[in-house]
Amino acid sequence: MNLNNNEKKIENSISKSVASGSFEETKLEDGFFVLTFQNNLDSIQVIEREIDSSFIQFHFCIKGSSEFLFNNGNYRLKIEEENSLLLYNPQRGLPIHLEVHQKSWLVSILISIKRFHGLFSQEADYITFLSEENKDKKYYKDGKISPSMAIALNQMINYNLNSSIKTLYFQGKTLELLSLYFNRSEDADIEQCPFLVDETNVTKIRKAKDIVVSRMAEPPTLQELSEEIGLSLKKLKEGFKQIYGDSVFSFLFDYKMEVARKLLEAGNHNVNEVGLKVGYSTSSHFIAAFKKKYGTTPKKYLMALG
């Protein structure tokens, strides 16, 4: 498959560093790239990359914060920890000029509009900026990184695999990440989910999520939860699945593991203490749960972080 001029341009621009910092770049295929950057220093690092108008940019800030500079620095756009940013302008290129703050990590996905259309050819009506009336408009969207997205992002940052399968692994993780990003349930599409037409029920389900998160070490049973929010057990289960894309306790498990991972990274608690904080009375149960989620033990995870 031949690269078009635009795709050649971005491939060339990615291959060379033009500032004090440089992305680690993985080319997945023509017109599809993943860029990762970890600034573990106590100072800001600046990264610049030429990106032409044929590319959609997804930026995910896993840790810390960063600022995008546009129009020679006249306009700044900040991206905070656990937030994402989608940028697309078919009228002009949007080069990356990024100030990565100290102790900040980012993952960026660059994908040509042609390749992107190919991913969603059956879903063009769902992805609003792919629709016919929007195809020539610039597009900007910020959002939160969900716990499930955070897991995929951290696996990309902390991967420890044979270099020969890195591209294959990143392809899988990037497609997983995009599917989670565009997951219908996150936006609670009421046309798809008649249950959610009742805003009162939506409020109750969100309250249920807040309750299990705030009491993650000792969460209520589903029956207790349904009574507390004033919704039947059946509606609680259905509604939670529709809004959050998962069962209550599967969602809570992912959330607990994400909290545990961050506590371990912070370095202020040992493995046993972290396990207790997220609701495991024995370290062996916590280690088994952590390994189930991340494929490695807490100790090996920390060693991999260096």
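Laid out as a table, the results:
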| read-out | value |
| --- | --- |
| Tabulated pairs, the range 72-98, first assigned by TED's automatic domain parsing to the domain that holds residue 23 and over 12 Å from residue 60 (Cα atoms), second of a type outside the set (A, V, I, L, M, F, W, C) and in a loop (DSSP other than H, G, I, E, B), C-beta under 6 angstrom, 6+ apart or interchain | 89/138; 90/53; 90/136; 92/53; 93/52; 93/53; 95/50 |
| Given (1) surrounded by 12 or more Cβ atoms within 10 Å (Cβ to Cβ); (2) closer than 21 Å to residue 25 by Cβ; (3) at pLDDT 90 or above, number of the condition residue 208 does not satisfy | (2) |
| Hits in the range 51-64 - residues which are assigned to a strand (DSSP E or B) and among the aliphatic types (A, V, I, L, M) | 56, 62 |
| Answer from 11, 7, 48, 67 - the residue that is outside any loop (DSSP other than H, G, I, E, B), at pLDDT 90 or above and not hydroxyl-bearing (Ser, Thr, Tyr) | 67 |
| Considering residues of the range 70-99 that are charged (D, E, K, R) and part of a strand (DSSP E or B) only, the residue surrounded by the fewest Cβ atoms within 10 Å (Cβ to Cβ) | 76 |
| Single residue of the range 287-297 satisfying the filter (in a helix (DSSP H, G or I) and without any contact (Cβ under 8 Å) to a residue 24 or more places away in the chain) that is surrounded by the fewest Cβ atoms within 10 Å (Cβ to Cβ) | 292 |
| Condition check for residue 200: more than 26 Å from residue 276 (Cβ to Cβ) and among the hydroxyl-bearing types (Ser, Thr, Tyr) | yes |
| Selected residue (only one of 264, 225 is in contact with a Pro (Cβ under 7 Å, 6 or more places away or on another chain), surrounded by 18 or more Cβ atoms within 10 Å (Cβ to Cβ), at pLDDT 90 or above and assigned to a helix (DSSP H, G or I)) | 264 |
| Of all residues in the range 267-286 being among the hydroxyl-bearing types (Ser, Thr, Tyr) and either in the same structural domain as residue 63 (by TED's automatic domain parsing) or part of a helix (DSSP H, G or I) (or both), the one that is surrounded by the fewest Cβ atoms within 10 Å (Cβ to Cβ) | 284 |
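The values are calculated or read from the model by the stated rules, or taken from the named source; none is laboratory data. Note that the structure is predicted; figures quoted are calculated from it, not measured. Neighbour counts are summed over all protein chains in view; Cβ atoms, including those assigned to glycine, are modelled from backbone coordinates with ideal geometry.
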